[in-house]
Amino acid sequence: MVDGEEAARLAGVLSAEARVRILLLLKERALCVGALAQRLGISSAAVSQHLRVLRDAGLVEPDKRGNFVHYRVNAKKLAKCRRVMDWLLSAE
């Protein structure tokens, strides 16, 4: 069941363009902070802050690979996100 609080929280998470762009990149493949920063043209610190918000929402997951942490989307949570947005934006 979807409620307004959950929809509002998700909308807040997705309200930053950089976070949406991070999700789009991570849907293609897992990437580390440095690679995301380079592709987005923003600092690694900014990417880390956006990833923290996405991690707290459960939309991305870390994957430690040697000295680096790569991030990937959480497919189950992303599917739930889609259901929430469908619910929110449906005309019914």
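Scanning the range 1-47 for residues that are of a type in the set (D, E, K, R), more than 24 Å from Arg65 (Cα to Cα) and over 12 Å from the mean Cα position of the chain (by Cα) gives Asp3, Glu5, Glu6, Arg9.
Restricting Ala7, Ala18, Ala46, Ala11 to residues that are of a type in the set (A, V, I, L, M) and farther than 21 Å from Val84 by Cα narrows the list to Ala46. Tell me yes or no: at least one residue of the range 62-72 is assigned to a helix (DSSP H, G or I), surrounded by fewer than 17 Cβ atoms within 10 Å (Cβ to Cβ) and either out of contact with any strand residue (DSSP E or B) (no Cβ under 9 Å at 6 or more places or on another chain) or of a type in the set (D, E, K, R) (or both). The answer is no; no qualifying residue exists. The C-beta contact set for the range 56-81 (first residue within 29 Å of Ala8 (Cβ to Cβ), second residue surrounded by 14 or more Cβ atoms within 10 Å (Cβ to Cβ) and acidic (Asp, Glu), distance under 6 angstrom, 6+ apart or interchain) comprises Arg72/Glu61; Asn74/Glu61. Within the range 35-50, being in contact (Cβ under 8 Å) with a residue 24 or more places away in the chain and in a helix (DSSP H, G or I) holds for Leu36, Ala46, Val47, His50. Residue by residue through the range 4-34, note down the ones that are assigned to a loop (DSSP other than H, G, I, E, B) and either at pLDDT below 95 or surrounded by fewer than 16 Cβ atoms within 10 Å (Cβ to Cβ) (or both). Correct list: Leu14, Ser15, Ala16, Arg29. Could you please let me know if Val84 is in a helix (DSSP H, G or I) and of a type in the set (Val, Ile, Thr)? Judged against the criteria, Val84 is a match.
The values are calculated or read from the model by the stated rules, or taken from the named source; none is laboratory data. No experiment lies behind these values; they were computed from the predicted model shown. Because the Cβ atoms are built from the backbone with ideal geometry, glycine has one as well, and the counts that use them run over all protein chains shown.
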